[in-house]
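Enquirer: Structure below; questions to follow.
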Amino acid sequence: MTLPIALTLSIAVVAVAAFVSGRFRLETVAIGLLLALLFLFVSVEMPDARAQPGMVFAGFANTGLITLMALLIVARGLTETGALSRVADVINRMARHRRWMVFVLLLLVAALTSSLINNTPIVLIFIPILILVASDRLPPSRTLIPLSYASILGGMTTLVGSSTNLIAAGVAVDLGLPPFDFFAFTIPGLVVAGAGLVYVTAVLPWLLPKLKTEAVTPVESRQFVTELEVRSDAPAVGEASIGGMFPSLQEMTVFSVRRGLDTYLFPFDDVALQAGDVLVVALARTRFPAILGSLGGVFRTARIRAENEANFFAEAVVTVDSPFTQTPPMTPETFRRRTGCTILGLRRTRLTNRRVRPLEVPLQSGDMLLVEGTQSAVGELRQSGIVVPTEWRQSQLPPVKFRWRAAGIFLGTVLAASSGLVPVVVAAVAGAFSMIASGTLSVGRALGAIDGRVALPVAAMLGLSGAMQMSGAAQWVADGAVRAMEMFGFGPAAMMSALFLVTAITTDMLTNNAAALLYMPIAIGIAQILGVDPFPFAVTVIFGANMSFSTPIGYQTNLLVMGPAGYRGRHYLRSGPPLTLICWGTFTLFVPWYYGIA
């Protein structure tokens, strides 16, 4: 092992550990990775004569990343004009007396549309419909994980189906493979995804438990924990507890009363409310306006209300890399300044000490917030990167006068990309330009669709992928892998199967994009050593990196369904590994044969 190889692999190990740990923001790790690679290229002479410090930033010009950013703009235009909501309306009308049929149809539609656009808005749109058609046999806890999985499976069937496909294909091209066309791996993708969809629709709902969840409760009646400060003019001032409860506060559950440095816990004995007391309570969403108006509230002290503009309530889920989950965590005041929305209450995925205030404990991914803001501020939450609203109501969507225009641009982009007349990157950039030039999206809204939490880590991992290639680290790992597998009598087909499984395991611990970028140069190196076509090995990495089923943080849609259905991590561990094994088995039996790999 040479010095460049040792240093490159060391950087890779540290970067992967930092990404997996969750202790740092993805953007911070990405910038640190870029800096480490710069020092590597400056201080060590690489075996590849092309290696220059500027190559570290070549990922920002990767065609896969550019295509992804452009398609995010196209998808934003499609969703914000309400074009996708028409599909939801049709399914909604069918849902009254055909619950099982609608469930299966919904999963198939989610898989199909996810092969063409980003699946996050698709899942957000269809979550309320699955809740609407819920029954005793098909509660949300049995349908929402299947919805997420179906969207992921659909995304692995075309080049533009997921960011993983685009980014990994771009790296493969940089490593010498010819450009991928729109349907480059659609047939094997349909076979693997089809086997997975059979499990997701026919078996998985019965493996998942019936959970007691508030998802089937009318949205206005869901319970949230908040803090209320008793004002001096509140009717409850001077009221003493009777039987451990306060008679005028029957519409809420009072957990504690904080008075200066003292905290009184339920049941309350000989406690009389005083002005300035802070109550930690749980109450229904519909009661927030009345209660806050009569008692005041700690979360209400800096509420924003634009003149002549009504405020909206919305529920939002805390994402994996949200500033709320970092150290130190984001404060409600900072959230208000950055988003224009106020946190009114929260619902946690796990219990906390009743003696602490609700936001004294850092939030966890999957926690739900009840926020208030103007219609425009609530709409902008989707681009904040802090939380993701789980409601997609028509009242929160912009006017739909550009609906058909957006649908036409989207279809034109897909047809141009799939026809092969122009490269996919050209079709995507043209589609993004058309969304802006036609007035369907403003420049600001279009730029807001470009997610820096995706672009920066991907660009950094692209730099690492290039460094592994230029330092010889990828070839060194590939040589070792081939020697080890040949010792056990593995041929090329068995090596493809093993590569798929290793990538699938890694993607649940890391991220799908990072796993694809980490293994792509190794996969190409293995194919070159074996003297076989490297394209099937590139497809192997793409499929394996899409197997984000076993953890809620494996893919964003897994996290989106966690709160509404009341899931915990164990439910993903119960449902995800069987799906991964089914896809792996199908891949092993079909894909090497399809590509002629023995």
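Enquirer: Kindly list the number of the only condition in (1) in contact with a helix residue (DSSP H, G or I) (Cβ under 7 Å, 6 or more places away or on another chain); (2) farther than 23 Å from residue 119 by Cα; (3) modelled with pLDDT under 90 that fails for residue 531.
Expert: (1)
Enquirer: Could you check how many residues of the stretch 26-46 are in contact (Cβ under 8 Å) with a residue 40 or more places away in the chain and within 30 Å of residue 319 (Cβ to Cβ)?
Expert: 8
Enquirer: I would also like to ask the following. Please go through the stretch 60-71 and pick out each residue that is farther than 13 Å from residue 174 by Cβ and surrounded by 23 or more Cβ atoms within 10 Å (Cβ to Cβ).
Expert: Matches in the stretch 60-71: 67, 68, 70, 71.
Enquirer: Being modelled with pLDDT under 80 and touching a strand residue (DSSP E or B) at 6+ places or on another chain (Cβ under 7 Å), is that true of even one residue in the stretch 193-213?
Expert: Checked the stretch 193-213: no residue is modelled with pLDDT under 80 and touching a strand residue (DSSP E or B) at 6+ places or on another chain (Cβ under 7 Å).
Enquirer: Then there is this: Out of the helices (runs of 4 or more DSSP H) lying entirely within the stretch 1-103, which hold 2 or more residues that are over 23 Å from residue 508 (Cα atoms) and at pLDDT 75 or above? Show your work before the answer.
Expert: Details: elements: 3-21, 26-43, 63-80, 85-94.
Where helices (runs of 4 or more DSSP H) fall fully within the stretch 1-103 and carry at least 2 residues being over 23 Å from residue 508 (Cα atoms) and at pLDDT 75 or above, they are 3-21, 26-43, 63-80.
For (1) farther than 30 Å from residue 564 by Cα; (2) aliphatic (A, V, I, L, M); (3) touching a Cys at 6+ places or on another chain (Cβ under 8 Å); (4) part of a helix (DSSP H, G or I), each residue gets a yes or a no:
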{"residue": "144", "(1), (2), (3), (4)": "no, yes, no, yes"}
{"residue": "148", "(1), (2), (3), (4)": "no, no, no, yes"}
{"residue": "151", "(1), (2), (3), (4)": "no, no, no, yes"}
{"residue": "154", "(1), (2), (3), (4)": "no, no, no, yes"}
{"residue": "161", "(1), (2), (3), (4)": "no, no, no, no"}
{"residue": "170", "(1), (2), (3), (4)": "yes, no, no, yes"}
{"residue": "182", "(1), (2), (3), (4)": "yes, no, no, no"}
{"residue": "194", "(1), (2), (3), (4)": "no, no, no, yes"}
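Enquirer: Residue under question is residue 177, and the condition is that it be surrounded by fewer than 24 Cβ atoms within 10 Å (Cβ to Cβ) and more than 20 Å from residue 462 (Cα to Cα); does it hold? Spell out the reasoning first.
Expert: Details: surrounded by fewer than 24 Cβ atoms within 10 Å (Cβ to Cβ): yes; more than 20 Å from residue 462 (Cα to Cα): no.
In short, no.
Okay, residues lined up against (1) surrounded by fewer than 21 Cβ atoms within 10 Å (Cβ to Cβ); (2) more than 22 Å from the chain's Cα centre (by Cα):
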| residue | (1), (2) |
| --- | --- |
| 416 | yes, yes |
| 419 | yes, yes |
| 422 | yes, yes |
| 425 | no, yes |
| 433 | yes, yes |
| 437 | yes, yes |
| 441 | no, yes |
| 444 | yes, yes |
| 447 | yes, no |
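For (1) buried (at least 17 other Cβ atoms within 10 Å of the Cβ); (2) farther than 22 Å from residue 348 by Cβ, each residue gets a yes or a no:
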| position | (1), (2) |
| --- | --- |
| 547 | yes, yes |
| 559 | yes, no |
| 568 | no, no |
| 571 | yes, no |
| 598 | no, yes |
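Enquirer: Something else: Can you name the residue in the stretch 414-436 that is assigned to a loop (DSSP other than H, G, I, E, B) and either without any contact (Cβ under 8 Å) to a residue 60 or more places away in the chain or basic (Lys, Arg) (or both) and, of all such residues, is nearest to residue 19 (Cα to Cα)?
Expert: The first filter runs over the stretch 414-436 and keeps only residues assigned to a loop (DSSP other than H, G, I, E, B), leaving 420-423.
Right, trim to either without any contact (Cβ under 8 Å) to a residue 60 or more places away in the chain or basic (Lys, Arg) (or both) and you get 421-422.
Numbers: 421: 39, 422: 36 Å.
Result: 422.
To keep it simple, each residue is scored yes or no on (1) at pLDDT 75 or above; (2) surrounded by fewer than 15 Cβ atoms within 10 Å (Cβ to Cβ); (3) part of a strand (DSSP E or B).
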position: 220; (1), (2), (3): no, yes, no
position: 224; (1), (2), (3): yes, no, yes
position: 228; (1), (2), (3): yes, no, yes
position: 235; (1), (2), (3): no, yes, no
position: 238; (1), (2), (3): yes, yes, no
position: 248; (1), (2), (3): no, yes, no
position: 254; (1), (2), (3): yes, no, yes
position: 257; (1), (2), (3): yes, no, yes
position: 263; (1), (2), (3): yes, no, yes
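The values are calculated or read from the model by the stated rules, or taken from the named source; none is laboratory data. It should be emphasised that the depicted structure is a prediction, and the values quoted were computed from it without experimental measurement. All Cβ positions, even for glycine, are placed from backbone atoms using ideal geometry, and neighbour counts span all protein chains on display.
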